[in-house]
Amino acid sequence: MKASKMLISTLKEAPNEAIIDSHILLLRAGMVRKLVSGVYNYMPMGKRVLNKIQEVIRKHMDEAGALEILCSAVQPKELWEESGRWYKYGPELMRFKDRHDRDFCLGPTHEEIFTDIIKNEVKSYKNLPLNIYQIQTKYRDEMRPRFGLIRSREFLMKDAYSFDVDEEGLDKSYELMKETYKKIFDELHLHYQIVLADTGAIGGNGSHQFMALSDVGEGNIVYCDSCGYAADEEKAESKMEPYNTDVVVQDLDEVHTPNARTIEEVSSFLNISEKDLAKCLIYYARDKYVCVLIRGDRDVNEIKLGHALDVAEFELRLASDREIEELGLVKGFMGPRGMPLEIIMDLEIAEQKNFVTGANKADYHLINANLDRDFKVNKIADIRLAKDGDICAICGKPMKGEKGTEVGQIFKLQDKYSSSMNCTYLDENGVNKPMIMGCYGIGVSRTLQSIIDQYHDEYGIKWPVNVAPYHLVVVPVNYKDEEMKKLSDEIYNEYKKLDNEVILDDRDYKPGFKFKDWDLIGIPYMIIVGRRANEGIVEVKDRYTNEKVEMYANDAIEMVNRMIKYQLGEEM
Ligand code: ATP
Ligand code: MG
């Protein structure tokens, strides 16, 4: 491909909204362009990368025996009513009506559709198990679309669904997908951690997430080096620190704490540890306000809180300052004693004696507060977020924290959809039974950006060869120079015979400008044809190490080809 005939959309600066490196580079390298918030168009370079990622996914899914189909993004309300999700899914679901006033949505995921397809196509145990998948565009009206393709409102997903006759079959299908995902993410050169996960809105039991490790990841992982336990912080179990039961219960007292509102302010004013405080938060849960008590140094795990209150994630939110005021409470000085709302208390603080909490009166806190003697609660539950340093529930050793981006998730759905949607089969004895399902997602477009996140430097992207938009770029320092033009053309034509993934930068720009473009786009190899062209000597640059070596043009072609074949795992 000649650069003069290409659409190269590099930018000197990224738009202000891009704050993380991978998003900045995605835009600067011209991989995508934003259409509206959370919606992107793929430009030629980005589309090539996207295609290559899909090829890797397809290869391994096909090898695992999964069958590819392609469904519409448009889904009728009726199927979502059958599964019971039309009302449960919340505002993330993009709903619309057709001209006949019929309700539809743009699929955020396809459980309903796949279940319906198999329900209609498969009647007998003889046709099971089955695993079908697609690579298709999904829509989710995310509350906060951000970080480019990491959290967008339209994105490409590979979603697969398995159908088995029983749990044992599901376990096998699930394990096969877990192994397949490992092969996929290994081949995509991602560094990742597999963690136990919550099953969220999809439901069912048993789930793992594939988290691409990232300093800017939205997901927090806790893992234990000793026993290998790893879980999403939302799911992670941790043991409570052993509590000293000999502590003598002290008399309740009210203390003046002028202007000490936050956990830090109160603990420093009273000269106590944050662990000796009970933090009091007000949540709005579906249709009522609830008071949440948790240890001062802890954060609430909203997934666990949702489970404890039996409300969905989207039905739960922190109350605003105004709502707190309207409830007659004083922010910064709230506590369980005299609290007019239902109270839910975390297990850990419930075990604790003599803690400090708000007195429900401006500028006052209570010291030596104790559950039951000084106040009652409606429920005690594990609602805290696990974190770095927590004790592993399996082996008792301290766990570590790490951040990651979820690039894939697998679920055991069991009969959640097949029972409600009547997706059944006849077994050997002619008995009708629900199929036992699993579902398996990979965020294809998110994966593209996660690769950038793990493979870049200050100059741009460093694509691994198998997903790079092209393998090699030949850059003449000055294409108008006879000798340079001749040698560049020769190299380009020779290399093209070996591998079509080559660009000739025949553009009439300063060499520095051209080099910058290719460093930014992240082409793995560059052959620079400069002042020694008349001797047949060129420079080869490896984008991964940024090292350059001089050699004869023929050797350069041979070496680059060998390196690329090697990295693609192909025989010479
Ligand atoms: P998250 O917790 O990040 O919102 P999720 O658990 O809701 O994701 P799944 O329903 O498991 O997502 O979807 C399968 C995969 O699709 C995810 O693992 C992720 O890689 C990708 N994905 C989900 N939401 C988005 C999004 N808004 N933008 C890009 N990719 C997404
Ligand atoms: Mg997920």
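Here, each number is a calculation from the coordinates, and none is a lab measurement. These figures come from a predicted structure and were not determined experimentally. Cβ atoms come from the backbone with ideal geometry, glycine included; neighbour counts cover every protein chain shown.
For each of Glu81, Glu63, count neighbouring Cβ atoms within 10 Å of the residue's Cβ, then give the residues from fewest to most. Before the final figure, lay out each step's value.
Numbers: Glu81 14, Glu63 10.
Fewest-to-most Cβ neighbours within 10 Å comes out as Glu63, Glu81.
Determine the gain in length on full extension of the stretch Glu351-Arg337; use 0.36 nm per residue of separation and subtract their C-alpha separation, reporting nm with one decimal.
Numbers: separation 14, 0.36 × 14 = 5.04 nm, distance 1.69 nm.
Here the segment from Glu351 to Arg337 would lengthen by 3.3 nm.
For Asp251 and Glu323, what is the calculated FRET efficiency with R₀ set at 35 Å and r taken between the beta-carbons, to the nearest 0.05? Please report the intermediate quantities before stating the final value.
On the way: r = 34 Å, r/R0 = 0.97.
E(calc), rounded to 0.05, equals 0.55.
Between the range 77-131 and the range 502-529, what is the C-alpha centre distance in whole Å?
Taking the Cα centre of the range 502-529 as reference, the centre of the range 77-131 is 48 Å away.
Name the residue farthest towards the positive end of the dipole of the chain from the options Ala18, Val248, Val477, assuming +1 on Cβ of Lys and Arg, -1 on Cβ of Asp and Glu, about the Cα centre.
So the residue furthest toward the plus end is Val477.
Do any cysteines of the chain lack a neighbour Cys whose Cβ is under 4.7 Å away, and which are they?
Cys71, Cys105, Cys280, Cys291, Cys423, Cys439
Using the beta-carbon distance between Glu490 and Arg144 and R0 = 60 Å, what value does 1/(1 + (r/R0)^6) give for FRET efficiency, to the nearest 0.05?
On the way: r = 53 Å, r/R0 = 0.88.
The pair Glu490/Arg144 has a calculated efficiency of 0.70.
Can you give the Kirkwood hydrodynamic radius for the range 253-381, in Å, rounded to one decimal and based on Cα pairs? Working shown, then result.
Values: mean 1/r = 0.0686 Å⁻¹.
So the Kirkwood estimate lands at 14.6 Å.
How fast does the range 197-302 diffuse by Stokes-Einstein, in µm²/s, taking the Kirkwood radius from C-alpha pairs at 10 °C and 1.306 mPa s?
Working: Rh = 17.7 Å.
Diffusion coefficient, whole number: 90 µm²/s.
How far, in nm, would the chain grow between Leu7 and Asp388 when pulled straight, counting 0.36 nm per residue and subtracting the alpha carbon separation? All intermediate terms of the calculation are to be shown ahead of the outcome.
Working: separation 381, 0.36 × 381 = 137.16 nm, distance 4.64 nm.
Result for the pair: 132.5 nm of gain on full extension.
Using the structure shown, list the pairs from Lys88/Lys433; Lys400/Lys516; Lys387/Lys516; Lys138/Lys514; Lys59/Lys239; Lys331/Lys416 with a Cα-Cα distance above 32 Å, or answer none.
On the way: Lys88/Lys433 26 Å; Lys400/Lys516 39 Å; Lys387/Lys516 42 Å; Lys138/Lys514 36 Å; Lys59/Lys239 42 Å; Lys331/Lys416 42 Å.
With Cα atoms farther than 32 Å apart: Lys400/Lys516; Lys387/Lys516; Lys138/Lys514; Lys59/Lys239; Lys331/Lys416.
Starting with the fewest neighbours, write out Met177, Met563 ranked by other beta-carbon atoms found within 10 Å of each beta-carbon.
Working: Met177 26, Met563 18.
Fewest-to-most ranking of Met177, Met563: Met563, Met177.
In nm, give the distance between the simple-model label positions of Asp166 and Glu17, each being 7 Å from the Cα along the Cα-to-Cβ direction.
Label at Asp166, label at Glu17, 5.3 nm between them.
For the range 253-381, with only Lys/Arg (+1) and Asp/Glu (-1) charged at the beta-carbon, what is the dipole magnitude about the Cα centre, in debye rounded to 20?
Values: 17 positive and 24 negative charges, 42 e Å.
The calculation lands at about 200 debye.
Binned at 20 Å from 0, what are the whole-percent values of the Cα-Cα distance distribution for the chain, short to long?
P(r) for the chain, in whole percents per bin: 18, 41, 30, 10, 1.
Distance between Cα centroids, the range 161-227 to the range 363-400: provide it in whole Å.
Each part reduced to its Cα centre gives a spacing of 29 Å.
Given 4 °C and 1.567 mPa s, compute D for the range 470-567 with the Stokes-Einstein relation, Rh being the Kirkwood radius over Cα pairs; round to the nearest whole µm²/s. Don't skip to the answer; put the middle values down first.
Details: Rh = 13.0 Å.
It comes out at roughly 99 µm²/s.
With unit charges on the beta carbon (Lys/Arg positive, Asp/Glu negative), name the residue among Ile527, Tyr417, Gly443 whose Cα is farthest towards the positive pole of the charge dipole of the range 371-530.
Going by the charge dipole, the pick is Tyr417.
How large is the Rg to Rh ratio of the range 331-479 when both quantities use alpha carbon positions and Rh follows Kirkwood?
On the way: Rg = 27.8 Å, Rh = 22.8 Å.
Here Rg/Rh amounts to 1.22.
For the range 38-82, what are the per-bin percents of Cα-Cα distances with bins 10 Å wide, up to the bin holding the maximum?
20, 29, 34, 17, 0
Please work out the FRET efficiency for the pair Glu428 and Glu55, using the Cβ-Cβ distance as r and a Förster radius of 45 Å; give the result to the nearest 0.05.
Details: r = 40 Å, r/R0 = 0.88.
That gives a FRET efficiency of 0.70.
Return the percentage of antiparallel bridges among DSSP beta bridges fully within the range 470-567, rounded to the nearest 5 %.
Values: 10 of 18 bridges.
Rounded to the nearest five, the antiparallel share is 55 percent.
For the chain, what is the charge dipole size about the Cα centre, in debye to the nearest 20, if Lys and Arg each add +1 at the Cβ and Asp and Glu each add -1 at the Cβ? Walk me through the numbers on the way to the answer.
On the way: 77 positive and 99 negative charges, 321 e Å.
It works out to roughly 1540 debye.
Of Val356, Ala319, Val266, which is farthest towards the positive pole of the range 253-381's charge dipole, taken about the Cα centre with +1 and -1 on the beta-carbons of Lys, Arg and Asp, Glu respectively?
Of the options given, the answer is Val356.
Which whole-number percentage describes the relative contact order of the chain, with Cα contacts under 8 Å and a sequence gap of 6 or more?
Working: 1188 pairs, mean separation 96.1, N = 572.
Worked out over the chain, it gives 17 percent.
Distance between the C-alpha centers of the range 458-478 and the range 24-75? Whole Å please.
Here the two parts' Cα centres lie 20 Å apart.
Using just the helices of the chain, give the 222 nm mean residue ellipticity in deg cm²/dmol: DSSP H runs with n ≥ 4 each add -39,500 (n - 2.57), and the total is spread over all residues, rounded to 500. If you can, show how the numbers build up before the last one.
On the way: 14 runs with 153 residues, N = 572.
Theoretical 222 nm ellipticity from helices: -8000 deg cm²/dmol.
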